[in-house]
């Protein structure tokens, strides 16, 4: 990881810390396979399992649904009992039941295994953010979150075509590759250091400490930024291809290629997140990035050519590559280690609600409004949200760290 780490300003790390970060980034990429790796392979399942296209949606729904209910619980477990075992066993559950889907005798068993895989996903997904906050501090922590975003965007390039290619050989091959998460879980079990906070909060006081900390102004900004980011992403990017096909008459394949502009933009800024954050207030950086996001969405209906719209998508990606690591860093740096798992899991719950409500609300608006109008509304929402978040930011805010009873 040396040369990549140096590019992100993470050189000269202690060997144990570098090894731990490698495990965290490996876990993050493994979880990326949970969705992006399988999406292109879904059509290959209709014939062997004799299911309709509509029934395929359950494969995604049952994978993500456990996170809504279990992420907060796993966050509490991570804070009270430790991160290492949760990371290791979560990865092994993810890999074991993911690979089991390759041997599912019927569609019902496939969905059962998928749900169990989703439980492993729910345990690990907040830890990939929490552990970076545990292992790194200051601007290096922002760089670490930026590297996570960068690697995830590489996953967007690699996993979908690879999953689609494997599915052309046989429907079960993409699922077999989930077994790679099992040895990664074993590596985490034996090589990952325990990073939970040194102070041990009492379980009876833990929830009250979490609720008090969630009202901290900078954490409220982080929660709001997480909700707004995914509301914009799912509302805009989900219906962006439909807009291009309807208004510019291009194919779905061409519309899909335009997402490369978004990925390149996000990779460019996420790779420099630490340098962007150096000496600057992360909340103010978030405000500027959301303003760029709003302007990009507002511009789309006014741009005449489909490929020129790729420019707007590139700027949207630039903003996204800033928002993601800054928002994660606001969470981890403003929560003490003893409560970090619970705070990040609470944020994941907010994000799941955002993903669900965004597509539903935009779908309802399409009944009475055109897509250009909806894009304008999303752009205006971004600017209004920035103004509201700015009101939460008093001057010279210091982090209030809870005290625990002995």
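Numerical summary
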item	result
Evaluation of residue 346 against (1) assigned to a helix (DSSP H, G or I); (2) modelled with pLDDT under 85 (one fails), failing number	(2)
So residue 286, is it part of a helix (DSSP H, G or I), under 27 Å from residue 374 (Cα atoms) and without any contact (Cβ under 8 Å) to a residue 40 or more places away in the chain	no
Residue 226 closer than 24 Å to residue 158 by Cα and assigned to a helix (DSSP H, G or I)	no
Those residues of the range 190-208 which are part of a helix (DSSP H, G or I) and modelled with pLDDT under 85, in sequence order	203, 204, 205, 206, 207, 208
Options 297, 367, 322; residue that is at pLDDT below 85, outside the structural domain of residue 146 (by TED's automatic domain parsing) and either buried (at least 17 other Cβ atoms within 10 Å of the Cβ) or not in a helix (DSSP H, G or I) (or both)	367
Residue within the range 100-109 that is touching a helix residue (DSSP H, G or I) at 6+ places or on another chain (Cβ under 8 Å), under 30 Å from residue 320 (Cα atoms) and in the same structural domain as residue 35 (by TED's automatic domain parsing) present	no
Enumeration of residues in the range 53-78 that are over 24 Å from residue 345 (Cβ atoms) and out of contact with any helix residue (DSSP H, G or I) (no Cβ under 7 Å at 6 or more places or on another chain)	54, 55, 57
Residue among 176, 187 that alone is within 25 Å of the chain's Cα centre (by Cα), closer than 16 Å to residue 93 by Cβ and either at pLDDT 85 or above or part of a helix (DSSP H, G or I) (or both)	187
Condition check for residue 151: in contact with a helix residue (DSSP H, G or I) (Cβ under 8 Å, 6 or more places away or on another chain) and buried (at least 19 other Cβ atoms within 10 Å of the Cβ)	no
Residues satisfying the stated conditions in the range 255-268, i.e. modelled with pLDDT under 80 and surrounded by 15 or more Cβ atoms within 10 Å (Cβ to Cβ)	255, 258, 259
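The values are calculated or read from the model by the stated rules, or taken from the named source; none is laboratory data. Note that the structure is a prediction, hence the values are computed from the model and not measured. Every residue, glycine as well, gets a Cβ built from its backbone with ideal geometry; the counts of neighbours run over all protein chains shown.
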